[in-house]
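**Q** Below are the structure tokens for one structure; questions will follow.
The values are calculated or read from the model by the stated rules, or taken from the named source; none is laboratory data. Since we're looking at a predicted model, the values are computed, not measured. Ideal geometry is used to build each Cβ from the backbone, glycine not excepted, and the neighbour counts take in all protein chains shown.
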Amino acid sequence: MQKVLLFSDPGIDDSFAIIYALLHPQIELVGIVTGYGSVKKEQATQNAAYLLQLANQRDIPIIGGAQGPLSGESVTYYPEIHGPEGLGPIKPPEGLKVNLLNFDQIYKIIDQYQNELIIVSIGRLTELAVAFILGADQMEKVKSFHVMGGAFLVPGNVSPVAEANFYGDPIAADLVMQRSIPLKVFPLNVTNQALVTPEVIQYISQTNATPFQPLLEPIYDYYLKAYKKNIPGIPGAPLHDVLTLSSIFNPTMVDYYYREVRVVLSGVAKGQSIADFRPKPDPVPEENLKGIAMKLNYELFLKDFVEIMTSETSNTTSTSK
Ligand code: BDR
Ligand code: CA
């Protein structure tokens, strides 16, 4: 079993990623850090707790993340994409009791699992940056980092050049790009290709026999409608955050370019991700660089997603504490 600590902001595609993780026979989700991003931190926490409750997995710890970026700027949320509560038309039960753990819990988790632990970040990068600032030594024990964010030499989604997770906290994103070792980055170059069509969701929804089943079509439909409004004719909705997780188990799902990555901190190009793709006569060894996912094997992604989302074995049946 691969131990995964997830930093997230659910959010519709984060919720798909959490559901995917809970259904994956090889993933042991050892904690979810919830922070601002698609919705407020408090709502993200409620949504994560709701998904864990549905899965009967309330013993998975939820750790309180950030309420805003390192710059102190105010936050823009995206109800038009993720819905007023972050789950499209679904209203999670109000006032779900959450035993929200303090941030230092992440170091306890790292100490417990050390180099068996992968950190996957699918939201703004603030919490992960803070984790490096407060505990650089502990972060060295982590096996690897997978981060959804950035857009390299392609258009952004919140500005002409920037992707939402990097734009939301570029200072944090730049720090994480420099300090995470080893790191794999999943930018819009590949995640925009990770499209799931309504037919696939219908099939999954008809086959899935878990407590998540009633959510799948409504949250997807809401998310797709938002994408269709922005990109008329798009055949499906991109599950950015699922791809970032699923690539852990499918090494040939994407092709990586190995480069240094920097993020523009402010100004007109705020949040833009930069890597040097010029041919280098004397390249630095790959292990010292960041793996940037640049090409997706779509068939592999889709096959894996359908397999996991319809699998009969699931982590959703154990008794909660
Ligand atoms: C990222 O922003 C959010 O809307 C998604 O959950 C994903 O993490 C894509 O830019
Ligand atoms: Ca996200």
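**Q** Of everything in the stretch 1-26 that's surrounded by fewer than 24 Cβ atoms within 10 Å (Cβ to Cβ) and more than 20 Å from Leu101 (Cβ to Cβ), which residue is nearest to ligand 2 (Cβ to nearest atom)?
**A** Going through the qualifying residues, I end up with Tyr20.
The rows are residues; the columns are (1) under 26 Å from Pro69 (Cβ atoms); (2) not in a strand (DSSP E or B).
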position: Tyr258; (1), (2): no, no
position: Leu265; (1), (2): yes, yes
position: Lys270; (1), (2): yes, yes
position: Pro279; (1), (2): no, yes
position: Glu287; (1), (2): no, yes
position: Gly291; (1), (2): yes, no
position: Lys295; (1), (2): no, no
position: Phe301; (1), (2): no, yes
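**Q** Suppose we filter the stretch 83-114 for residues that are of a type in the set (S, T, N, Q), over 24 Å from Gly168 (Cβ atoms) and modelled with pLDDT of 95 or more; how many remain? Lay out the reasoning, then the answer.
**A** Kept after step one, since they are of a type in the set (S, T, N, Q), are these residues of the stretch 83-114: 99, 102, 105, 112, 114.
Adding the requirement that they be over 24 Å from Gly168 (Cβ atoms) leaves 99, 112, 114.
In the following step, the residues that additionally are modelled with pLDDT of 95 or more were identified as 112.
Total meeting the criteria: 1.
**Q** Considering only the stretch 151-172, state which residues are buried (at least 24 other Cβ atoms within 10 Å of the Cβ) and within 13 Å of ligand 2 (Cβ to nearest atom).
**A** Glu163, Ala164, Asn165, Phe166, Tyr167, Gly168, Asp169
**Q** Among the numbered criteria (1) assigned to a helix (DSSP H, G or I); (2) within 14 Å of ligand 1 (Cβ to nearest atom); (3) over 17 Å from Phe305 (Cβ atoms), which one does Asp241 miss?
**A** With (1) assigned to a helix (DSSP H, G or I); (2) within 14 Å of ligand 1 (Cβ to nearest atom); (3) over 17 Å from Phe305 (Cβ atoms) applied to Asp241, the lone miss is (3).
**Q** Does Val39 count as more than 13 Å from ligand 1 (Cβ to nearest atom), among the aliphatic types (A, V, I, L, M) and either over 18 Å from Gln213 (Cβ atoms) or free of Cβ contacts under 8 Å to residues at least 24 places away in the same chain (or both)?
**A** Details: more than 13 Å from ligand 1 (Cβ to nearest atom): no; among the aliphatic types (A, V, I, L, M): yes; either over 18 Å from Gln213 (Cβ atoms) or free of Cβ contacts under 8 Å to residues at least 24 places away in the same chain (or both): yes.
No: the conditions fail for Val39.
**Q** What is the residue count in the stretch 196-223 for residues that are crowded, with 19+ Cβ neighbours inside 10 Å and closer than 30 Å to Tyr256 by Cα?
**A** Residues flagged as crowded, with 19+ Cβ neighbours inside 10 Å and closer than 30 Å to Tyr256 by Cα within the stretch 196-223 amount to 5.
**Q** Between Leu265, Leu245, which is in contact with a helix residue (DSSP H, G or I) (Cβ under 9 Å, 6 or more places away or on another chain), of a type outside the set (Asp, Glu) and within 16 Å of ligand 2 (Cβ to nearest atom)? If you could, list the steps in order and put the result at the bottom.
**A** Values: Leu265 fails: within 16 Å of ligand 2 (Cβ to nearest atom).
Of Leu265, Leu245, the one residue that is in contact with a helix residue (DSSP H, G or I) (Cβ under 9 Å, 6 or more places away or on another chain), of a type outside the set (Asp, Glu) and within 16 Å of ligand 2 (Cβ to nearest atom) is Leu245.
**Q** OK, next. Count, please, the residues in the stretch 9-33 that happen to be part of a loop (DSSP other than H, G, I, E, B) and within 16 Å of ligand 1 (Cβ to nearest atom). Talk me through it step by step, then tell me what you get.
**A** Taking the stretch 9-33 as the starting set, the residues that turn out to be part of a loop (DSSP other than H, G, I, E, B) are 9-11, 24-26.
So of that shortlist, the ones also within 16 Å of ligand 1 (Cβ to nearest atom) come out as 9-11.
Summing the residues that are part of a loop (DSSP other than H, G, I, E, B) and within 16 Å of ligand 1 (Cβ to nearest atom) in the stretch 9-33 gives 3.
**Q** Restricting attention to the stretch 266-288, and to residues there that are exposed (fewer than 15 other Cβ atoms within 10 Å of the Cβ) and in contact with a Ser or Thr (Cβ under 9 Å, 6 or more places away or on another chain), which single residue is nearest to Val120 (Cα to Cα)? Don't jump to the end; show me each part of the working.
**A** Within the stretch 266-288, the subset exposed (fewer than 15 other Cβ atoms within 10 Å of the Cβ) is 266-268, 276-288.
Add one more test, that the residue is in contact with a Ser or Thr (Cβ under 9 Å, 6 or more places away or on another chain), and what stays is 266, 268.
Details: Ser266: 25, Val268: 29 Å.
Across the stretch 266-288, the extreme among qualifying residues is Ser266.
**Q** Could you check Ile219 against (1) more than 21 Å from the chain's Cα centre (by Cα); (2) outside any loop (DSSP other than H, G, I, E, B) and say which number it fails?
**A** Against the list (1) more than 21 Å from the chain's Cα centre (by Cα); (2) outside any loop (DSSP other than H, G, I, E, B), Ile219 comes up short only on (1).
**Q** Quick check on the stretch 55-76. Is at least one of its residues over 30 Å from Asn157 (Cα atoms), without any contact (Cβ under 8 Å) to a residue 40 or more places away in the chain, within 18 Å of the chain's Cα centre (by Cα) and not in a helix (DSSP H, G or I)?
**A** Just the residues of the stretch 55-76 that are over 30 Å from Asn157 (Cα atoms), to begin with: 55-61.
Those still in the list that are without any contact (Cβ under 8 Å) to a residue 40 or more places away in the chain too: 60.
From the residues that got through so far, the ones that are within 18 Å of the chain's Cα centre (by Cα) too are 60.
Narrowing further to those that are not in a helix (DSSP H, G or I): 60.
Yes, there is a match, as at least one residue in the stretch 55-76 is over 30 Å from Asn157 (Cα atoms), without any contact (Cβ under 8 Å) to a residue 40 or more places away in the chain, within 18 Å of the chain's Cα centre (by Cα) and not in a helix (DSSP H, G or I).
**Q** Within the stretch 115-139, can you find the residues that are exposed (fewer than 13 other Cβ atoms within 10 Å of the Cβ) and not aliphatic (A, V, I, L, M)?
**A** Those that are exposed (fewer than 13 other Cβ atoms within 10 Å of the Cβ) and not aliphatic (A, V, I, L, M): Asn115, Asp137.
**Q** Of the residues Leu6, Leu87, which is in contact with a helix residue (DSSP H, G or I) (Cβ under 8 Å, 6 or more places away or on another chain) and either more than 14 Å from ligand 1 (Cβ to nearest atom) or assigned to a loop (DSSP other than H, G, I, E, B) (or both)?
**A** On the way: Leu6 fails: either more than 14 Å from ligand 1 (Cβ to nearest atom) or assigned to a loop (DSSP other than H, G, I, E, B) (or both).
After applying the criteria, what remains is Leu87.
**Q** Which fully enclosed helices (runs of 4 or more DSSP H) of the stretch 99-198 have 1 or more residues being within 16 Å of ligand 1 (Cβ to nearest atom) and more than 26 Å from Gln26 (Cα to Cα)? Working first, answer last.
**A** Details: elements: 105-113, 126-134, 136-139, 164-168, 170-179, 188-191.
So the answer is 126-134, 164-168, 170-179, 188-191.
**Q** Ok, one more. For the stretch 64-82, check the following and say yes or no: at least one residue is away from ligand 1 (no atom under 16 Å from the Cβ), surrounded by fewer than 23 Cβ atoms within 10 Å (Cβ to Cβ), at pLDDT 95 or above and within 26 Å of Gln112 (Cα to Cα).
**A** Among the residues of the stretch 64-82, at least one is away from ligand 1 (no atom under 16 Å from the Cβ), surrounded by fewer than 23 Cβ atoms within 10 Å (Cβ to Cβ), at pLDDT 95 or above and within 26 Å of Gln112 (Cα to Cα), which makes the answer yes.
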